[in-house]
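Novice: Here you go, one structure.
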Amino acid sequence: MIARRILLAGAAALAVSVATATAALAQGVTLRSADIHPTDYPTVEAVRYMGKLLEDRTQGRIKINVFHSAQLGQEKDTIDQTRFGVIDINRINMAPFNNLIPATNIPSLPFIFRSVDHMRKAMDGPIGDNLLKEFEKHDLIGLALYDSGSRSFYNSKRPINTPADMKGMKIRVQQSDMFVALVSALGANATPMPFGEVYSALQTGVIDGAENNWPSYESTRHFEVSKFYSVTEHSLSPEALVMSKKSFDKFNAADQAIIKAAAKESVLKMRELWDAREKASETKVKAGGAQINQVEKKPFIDAMKPVYDKFVTDPKLKEMVAAIQAVN
Ligand code: GTR
């Protein structure tokens, strides 16, 4: 009897909470999404596009508000906030996840992808899907993978032609042990630092250089204080679009499917914006005085081999590397 009453009370409470949640969702929710990039950056625009799709497909019940320009914090700090559900959606590079989720090291590895096409093919297929699933163990839903072009070194001292040119240089890296190892393998001193601190660190000489793709080198205006851009294209570390599992679980299965589909569809939009922005950024930095030099990649590839030995240790990661290499 008592048990039955408790059961009924429990069921009633559950019904109330479901009703409250449903009412809230019926009225509409605006998901908070984080990005460190400025408002016109392709990643920001792509998540806004995803929001538009959601709004259209749910008659305005689900919207996204993108807090750009690091309004919600630097990338590493926003990871925990997303896991706890304070931030609903987060667009972050793979690198700040490297220490937390071992599989994310693989697509960040130096020269793992032969080209942008190779990266897109690998990330669009089962390898990318499995990678996205890895986030779930950490209270995150992996929604999609975005392009991030290719990262190259830039510095204020001299053009880099060979790894020897980097000896002793202080190079900023993302907060990832793998990136520290990658730069150390070239004989430079790796300095992990949040993105937002790099401009003044370059300007004051705390660091000699950093590494990034064309759009980030341009949007941050790093080219003003670090004019030698050497096209090493050593990492194609993609961007991850993740959602807090706590936030995701508040939706019913139908809405969850709509969210996942909208995220996937934003990938193509992102690529269109990205390809255009890369070209525009390259032109802009050149006009702004950046000195670009091409490099022979082989010595860099050889010097970075030890990074694989250090980070590709367990069989699952080895399999992932082999699977990526096997993609044509
Ligand atoms: C950019 C990337 C950012 C961030 C940044 C960095 O290319 O889009 O998410 O990782 O690089 O170097 O910190």
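Every number here is computed from the coordinates shown, using simple stated rules; none is lab data. These numbers come from a predicted model, not from an experiment. Cβ coordinates were reconstructed from backbone atoms using ideal geometry, including for glycine residues, and neighbour counts include every protein chain displayed.
Novice: If the cut-off is 13 Å between C-alpha atoms, which aspartates and glutamates fall inside it for Lys52, apart from same-chain ones fewer than 8 positions away?
Specialist: Hits, sequence-local ones excluded: Glu265.
Novice: Applying the Karplus parametrisation 6.51 cos²θ - 1.76 cosθ + 1.60 with θ = phi - 60° to the phi angles of the range 136-153, what ³J(HN,Hα) value in whole Hz is obtained for each residue in order, glycine and proline being reported as x?
Specialist: Once rounded to whole Hz, the list reads 4, 5, 10, 6, 10, 9, x, 8, 6, 10, 9, 5, 9, x, 10, 8, 10, 8.
Novice: What number comes out for the charge environment of Ile207, summing +1 per Lys or Arg and -1 per Asp or Glu over other residues with Cβ under 12 Å away?
Specialist: Around Ile207, the surrounding residues sum to 0.
Novice: Which lysines, on any chain, are close to Lys286 with Cα under 29 Å apart, when same-chain ones fewer than 8 places away are left out?
Specialist: Filter leaves Lys157, Lys167, Lys170, Lys227, Lys269, Lys297, Lys298.
Novice: Give the long-range amide H neighbours of Val173: residues separated by 5 or more places, or on another chain, with amide H under 5 Å away, using H modelled in the peptide plane at 1.01 Å from N.
Specialist: Thr191, Met193
Novice: Per residue of the range 204-214, in order, report the coupling 6.51 cos²θ - 1.76 cosθ + 1.60 (Karplus, θ = phi - 60°) as ³J(HN,Hα) in whole Hz, putting x for Gly and Pro.
Specialist: 8, x, 4, 10, 8, x, 7, 8, 5, 7, 4
Novice: Here's something else I'd like to know. Taking a cut-off of 15 Å between Cα atoms, list the aspartates and glutamates near Lys260, but don't count ones fewer than 8 places away on the same chain.
Specialist: In chain and number order, the partners are Glu55, Asp56, Asp88, Asp124, Asp129, Glu136, Asp249.
Novice: Another question, if that's okay. With θ set to phi - 60°, apply the Karplus curve 6.51 cos²θ - 1.76 cosθ + 1.60 along the range 155-168 and write out the HN-Hα couplings as whole Hz, x wherever there is a Gly or Pro.
Specialist: 7, 9, 9, 6, x, 9, 10, 9, x, 4, 5, 9, 3, x
Novice: With an 8 Å cut-off on Cα pairs and a minimum separation of 6 or more residues, tell me the relative contact order of the chain in percent.
Specialist: 24 percent
Novice: Here's something else I'd like to know. Which helices, counted as full DSSP H runs in the chain, have an axial Cα extent of no less than 27 Å and a Kyte-Doolittle average of 0.0 or above?
Specialist: Span-like helices in the chain: 2-27.
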